[in-house]
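Enquirer: Got a structure here, written out as structure tokens. Questions coming.
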Amino acid sequence: MGVAFRPGISSRRLVLLLALYFFLVLNLPLTTRLMGILEGLDGVSAGFVLSIPVFFVACLNVLFTLVAVKYLEKGIFIALLLLSSAVSYAMFEYGVVFDRNMMATIMQTHQGEAKSYLNGASVLWFVLTGVLPALLVARVRIEHGGWLKDVLWKGVSVLGSLAAIGVIAAGYYQDYASVGRNHNYLKQLIIPTYYLSSASGYIHQTYLKEALPWRTLGEDASVSRPHHNHKPNLLVLMVGETARGMNFELNGYPRDTNAFTRGQGVVSFQSVSSCGTATAVSVPCMFSRQSRSEYDAERSERQDNLLDVLSHAGLDITWLDNDGGCKGVCDRVASQAFHPEDGGPLCDGDYCQDGVMLDPLRQVLDRPGSQDRVLVLHLVGSHGPTYYQRYPAEFAHFTPDCQRSDIQNCSARELVNTYDNTLYYTDYIISRVLQELKQRQSEWNTGLIYLSDHGESLGENGLYLHGMPYALAPEQQTRVPLLMWLSGELERENRLDHRCLQQEASAGQFSHDNLFDSVLGLMGVSTQVYRPGLDMLAPCRAG
């Protein structure tokens, strides 16, 4: 039997071909952005423009030469091709940036969420730009000389590339420096260096770095209610997902996305910014004692949060989760998660719609007990890209909607319609929770706060979804809705002026930083960690 022919190629030539391929194909998000920048500049040198591909190919050639270790290089290059293909698609189609926060989001993504990104376009891209080149690398026979010859050729290749980089730097340093300084984000688009650096940083901080000692906060917490009316307080805190404040009717949006809560006495805070642009950051941050400017994920994970402080004060805390997990926030309180694989009319195997939480909500509300109570509902809300799966068919209020996951291929009208339908359904869920609370006012002083974790891009400036680095993120990803409803007795116990509250909500500037202290103040919890300056209700309290 004859031996099957396997084409051969020297290691150095394979490395150079891969460097060319990565620049010309997989770095399409970078080159597209660069072309747009260069077209907007006056008097750009032709030599500078022509040097760009040489510069990047030389840099990639150095990188790939250094990792081209005999017996390991084939596996390394196959892995890089497959990973880089997926990264390239997300960056090119959705404008995603793979920084450390995005790595945390990826690691916390559940199966249903991951499947929602699979569609014909993404699979075709992955096959053509990742799988096929990887198969070619797997098939080819990589030729090596003796170890000394390999070392010499690697040295020549690296030195030649460095020489090319040096010549380009000598001739066009000012051009590169100017573009890089004015568009610093470009480094975040380079494949594979930036996502590999982000992944390395995430792995080091999460798995390799020694954990900080635990920091207990608010052990002195106690309930202090000088105007007690002999009824316990009951607060439902609804944590929304991917809702953007500018699409709320109560914030001036010209569509009836708040058709169910309009006229229900709900106060909408008009200008609220999120702590992050991804759930993995925003949810732990909003419940943390840290503000956005000082937020550190490692420190947050190793200290008590808002729910812990409320527990120290003796409150009964429960977390109901329909969004793939509480990101560590509910680890020390009673919790219940809803799993799509459990089935039911509101679950499709990948996600459950938020109505699945209404019956468990009633069970928690009806649970006997006289303690003050806080119930957190973590919604799946408007999570994309499969927006159309977040609401039942009867809530397709705005049509035609976008019935697909490759949302960039829907019209702008269809995409906005399907997104607004998710908000319409969320508003319905909020109204149902309000109904439950209003029915229990004879037994409890009741209140509701709804606050989304972050917003969403819907194709504005070519961006989709969320997760942009905060410094680069558009307002669509950082401006979030915050709704509040308080029963008359809870307002009176807090000595709140309702008209003042409405004025503050209309004119004030707020953020996730305000949640921690506002909930402590509303529930009458006294502790040294309370900061009255961040309590958004404090200006409207009498005396």
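Enquirer: Name every residue in the stretch 112-149 that is part of a helix (DSSP H, G or I), of a type outside the set (A, V, I, L, M) and more than 16 Å from residue 74 (Cα to Cα), in order of residue number.
Expert: The answer is 112, 113, 115, 120, 122, 125, 126, 129, 147, 149.
Enquirer: Something else now. Within the set of pairs 6 or more residues apart or between chains, which connect a residue that is within 26 Å of residue 529 (Cα to Cα) inside the stretch 201-218 to a residue that is open to solvent by 60 Å² or more (accessible area, probe 1.4 Å) and not in a loop (DSSP other than H, G, I, E, B) with Cβ atoms less than 9 Å apart?
Expert: Close Cβ pairs satisfying both conditions: 211/301; 212/299; 212/301; 215/299; 216/312; 217/312; 218/312.
Enquirer: Among helices (runs of 4 or more DSSP H) lying entirely in the stretch 277-379, which contain 3 or more residues that are surrounded by fewer than 17 Cβ atoms within 10 Å (Cβ to Cβ)? Can you show your working first?
Expert: Numbers: elements: 279-286, 297-301, 306-312, 358-365.
Qualifying helices (runs of 4 or more DSSP H): 358-365.
Enquirer: Also: Hey, can you tell me all the residues within the stretch 116-144 that are surrounded by fewer than 14 Cβ atoms within 10 Å (Cβ to Cβ) and either charged (D, E, K, R) or at pLDDT below 85 (or both)?
Expert: 139, 141, 143
Enquirer: Now for a separate question. Residues in the stretch 227-261 that are of a type in the set (Asp, Glu) and in contact with a Gly (Cβ under 8 Å, 6 or more places away or on another chain): how many? Please lay out each step first, then the result.
Expert: Of all residues in the stretch 227-261, those of a type in the set (Asp, Glu) come to 241, 249, 256.
Then drop every residue that is not in contact with a Gly (Cβ under 8 Å, 6 or more places away or on another chain), which leaves 241.
Of the residues in the stretch 227-261, 1 are of a type in the set (Asp, Glu) and in contact with a Gly (Cβ under 8 Å, 6 or more places away or on another chain).
Enquirer: Which ones in the stretch 463-502 are among the hydrophobic types (A, V, I, L, M, F, W, C), under 22 Å from residue 100 (Cα atoms) and in contact with a Ser or Thr (Cβ under 6 Å, 6 or more places away or on another chain)?
Expert: Our first condition is that a residue be among the hydrophobic types (A, V, I, L, M, F, W, C); within the stretch 463-502, this holds for 463, 465, 468, 471-473, 480, 482-486, 490, 496, 500-501.
Still in the list and also under 22 Å from residue 100 (Cα atoms): 463, 465, 468, 471-473.
Answer for the stretch 463-502, where residues must be among the hydrophobic types (A, V, I, L, M, F, W, C), under 22 Å from residue 100 (Cα atoms) and in contact with a Ser or Thr (Cβ under 6 Å, 6 or more places away or on another chain): 463, 468, 473.
Enquirer: Ok, one more. Of the residues 487, 431, only one is hydroxyl-bearing (Ser, Thr, Tyr), within 26 Å of residue 506 (Cβ to Cβ) and buried (at least 21 other Cβ atoms within 10 Å of the Cβ); which? Before the answer, list the steps.
Expert: Working: 431 fails: buried (at least 21 other Cβ atoms within 10 Å of the Cβ).
Checking each option against the conditions leaves just 487.
Enquirer: Okay, next question. If I filter the stretch 98-106 for residues that are surrounded by 21 or more Cβ atoms within 10 Å (Cβ to Cβ), assigned to a loop (DSSP other than H, G, I, E, B) and of a type in the set (Phe, Trp, Tyr), do I get at least one hit?
Expert: Yes, there is a match, as at least one residue in the stretch 98-106 is surrounded by 21 or more Cβ atoms within 10 Å (Cβ to Cβ), assigned to a loop (DSSP other than H, G, I, E, B) and of a type in the set (Phe, Trp, Tyr).
Enquirer: Continuing with this model, one more query. Every residue in the stretch 32-61 that is hydroxyl-bearing (Ser, Thr, Tyr), under 14 Å from residue 176 (Cα atoms) and part of a helix (DSSP H, G or I), please.
Expert: First, pick out the residues of the stretch 32-61 that are hydroxyl-bearing (Ser, Thr, Tyr): 32, 45, 51.
Then keep just the ones that are under 14 Å from residue 176 (Cα atoms); that gives 45, 51.
Within the stretch 32-61, just 51 meets the criteria.
Enquirer: Do you know which residues across the stretch 357-384 are of a type in the set (A, V, I, L, M, F, W, C) and closer than 13 Å to residue 317 by Cβ? Explain how you work it out, then say what you get.
Expert: Residues of the stretch 357-384 of a type in the set (A, V, I, L, M, F, W, C): 357-358, 361, 364-365, 374-377, 379-380.
If the condition is that a residue be of a type in the set (A, V, I, L, M, F, W, C) and closer than 13 Å to residue 317 by Cβ, then 364, 374, 375, 376, 377 are the ones that fit.
Enquirer: Output the residue which, of all residues in the stretch 280-304 that are in contact (Cβ under 8 Å) with a residue 60 or more places away in the chain and in contact with a Ser or Thr (Cβ under 6 Å, 6 or more places away or on another chain), is nearest to residue 518 (Cα to Cα).
Expert: Result: 288.
Enquirer: Taking residue 242 as the residue in question, decide whether it is buried (at least 24 other Cβ atoms within 10 Å of the Cβ) and either among the small types (Gly, Ala, Ser) or under 13 Å from residue 512 (Cα atoms) (or both). Show your work before the answer.
Expert: On the way: buried (at least 24 other Cβ atoms within 10 Å of the Cβ): yes; either among the small types (Gly, Ala, Ser) or under 13 Å from residue 512 (Cα atoms) (or both): no.
So residue 242 fails the test.
Enquirer: Report the residue count in the stretch 380-416 for those that are farther than 28 Å from residue 446 by Cβ, in contact with a helix residue (DSSP H, G or I) (Cβ under 6 Å, 6 or more places away or on another chain), part of a helix (DSSP H, G or I) and of a type in the set (A, V, I, L, M, F, W, C).
Expert: Of the residues in that region, 2 qualify.
Enquirer: Suppose we filter 451, 423 for residues that are closer than 25 Å to residue 269 by Cα, modelled with pLDDT of 95 or more and in a strand (DSSP E or B); which single one remains? Don't jump to the end; show me each part of the working.
Expert: Numbers: 423 fails: in a strand (DSSP E or B).
None of the others qualify; the one that does is 451.
Enquirer: Any residue that is in a helix (DSSP H, G or I) and either of a type in the set (Ser, Thr, Tyr) or in contact with a Pro (Cβ under 8 Å, 6 or more places away or on another chain) (or both) - is there at least one of those in the stretch 455-468?
Expert: Taking the stretch 455-468 as the starting set, the residues that turn out to be in a helix (DSSP H, G or I) are 460-462.
Next, only the ones that are either of a type in the set (Ser, Thr, Tyr) or in contact with a Pro (Cβ under 8 Å, 6 or more places away or on another chain) (or both) stay: 460-461.
Yes - at least one qualifying residue is present in the stretch 455-468.
Enquirer: Could you tell me whether the stretch 165-185 includes any residue that is under 21 Å from the mean Cα position of the chain (by Cα) and either part of a helix (DSSP H, G or I) or without any contact (Cβ under 8 Å) to a residue 12 or more places away in the chain (or both)? Show your work before the answer.
Expert: Pass one, the stretch 165-185, residues under 21 Å from the mean Cα position of the chain (by Cα): 185.
Applying the additional criterion that residues be either part of a helix (DSSP H, G or I) or without any contact (Cβ under 8 Å) to a residue 12 or more places away in the chain (or both) yields 185.
Yes, some residue in the stretch 165-185 is under 21 Å from the mean Cα position of the chain (by Cα) and either part of a helix (DSSP H, G or I) or without any contact (Cβ under 8 Å) to a residue 12 or more places away in the chain (or both).
The values are calculated or read from the model by the stated rules, or taken from the named source; none is laboratory data. Since the structure is predicted, the reported quantities are computational estimates derived from the model, not experimental observations. Positions of Cβ are backbone-derived with ideal geometry, glycine not excepted, and every protein chain shown enters the neighbour counts. Accessible surface areas use protein heavy atoms only, side chains included; no ligands, DNA or RNA. Shrake-Rupley method; radii C 1.70, N 1.55, O 1.52, S 1.80 Å.
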